[in-house]
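For reference, the structure discussed in these notes is given below.
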Amino acid sequence: SLKKDSPQLRTVQLAFNVADMDMTYHAQWPPVTVQEGVILIDNSDVSVWAERAVLYDSVIDDLSVEIWVEEQSAIMLALQGEVSGPAKDGLHVLNNSPLSGVVGSAFTNWQTEGQLHTRLDILLNLSDGSVPPVVEVVTQWREVDLMVMPGNLAVDDVSGEFEYSTARGFVSRDLQGFLWGQSIAAQFRQ
């Protein structure tokens, strides 16, 4: 409709194939480069799908980003994907995103070497910054060397799962490694 007071009678629908597109989905979260993907716009709903994208030095498989407006006019964003790459990228996200508000400076000086696989599921209210994000992150560590600072504590060949959920906090499963040359197993719960 071209009538001035009839926005409910208007519709906009677009589809784009994109390549090597930098996508900033929230100011407090790191940007992602979509190597090849699709953007669909249906009025106020936006969908971004990519089989492959890049975050720092890590590769994201099966990226899905959905934006919609809820009935209360809140703009919502949902992000899902699987990330594989250097463990240092995981620490970088932990220390330089809204998650740092949850963990404080506990991991700021930690250093890592090795590989990390992460499944993530994030829900953000983009209209109200006071609403905390809903985050589900499952990380799988594979032979990661960890330098815990302060303390100068070297833990080598760490393998296992480490999860963070806004509902449950931090939880670990089957974490194993070597400390001072001795085999260790650890369990974390919040």
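The values are calculated or read from the model by the stated rules, or taken from the named source; none is laboratory data. This structure is a prediction, so every number in the text was calculated from the model and none was measured. All Cβ positions, glycine included, derive from the backbone under ideal geometry; neighbour counts span all protein chains shown. Only protein heavy atoms, including side chains, enter the accessible area calculation; ligands, DNA and RNA are left aside. Shrake-Rupley method; radii C 1.70, N 1.55, O 1.52, S 1.80 Å.
Below are the figures for this structure:
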| item | result |
| --- | --- |
| Helical contribution to [θ] at 222 nm, DSSP H n ≥ 4, -39,500 (n - 2.57), averaged over the chain, rounded to 500 | -1500 deg cm²/dmol |
| For segment 115-148 and segment 158-175, distance of Cα centres in Å | 11 |
| Evaluated over segment 1-106, the Cα radius of gyration and Dmax, each in Å | 16.9, 57 |
| Which label in (1) 17.9, 55; (2) 23.4, 77; (3) 19.7, 76 gives the computed Rg and Dmax of the Cα atoms in Å | (3) |
| Average accessible surface area per residue within the chain, 1.4 Å rolling probe, Å² | 60 |
| Amide H contacts of residue 127 (H built 1.01 Å from N, under 5 Å, at least 5 apart or other chain) | 75 |
| Vicinal HN-Hα couplings computed from phi for segment 22-33 (Karplus, 6.51 cos²θ - 1.76 cosθ + 1.60; Hz; Gly/Pro x) | 7, 10, 9, 9, 6, 4, 8, 10, x, x, 10, 9 |
| For residue 21, net neighbour charge (Lys/Arg +1, Asp/Glu -1) across residues whose Cβ lies under 14 Å away | -3 |
| Amide H contacts of residue 107 (H built 1.01 Å from N, under 5 Å, at least 5 apart or other chain) | none |
| HN-Hα J in Hz across segment 86-92 - Karplus 6.51, -1.76, 1.60, θ = phi - 60°, x for Gly and Pro | x, 4, 4, 5, x, 5, 4 |
| Amide H contacts of residue 175 (H built 1.01 Å from N, under 5 Å, at least 5 apart or other chain) | 161, 186 |
| Relative contact order (%) - segment 128-187, alpha-carbon pairs under 8 angstrom, separation at least six | 28 |
| Per-residue ³J(HN,Hα) for segment 149-165, Karplus 6.51 cos²θ - 1.76 cosθ + 1.60, θ = phi - 60°, Hz, x for Gly and Pro | 10, x, x, 6, 9, 8, 10, 10, 6, 6, 9, x, 10, 9, 10, 10, 9 |
| Of all accessible heavy-atom area on segment 11-67, the percent that carbon and sulfur account for (1.4 Å) | 51 |
| All-pairs alpha carbon distance profile, segment 82-190, 10 Å steps from 0, percent | 14, 46, 31, 8, 1, 0 |
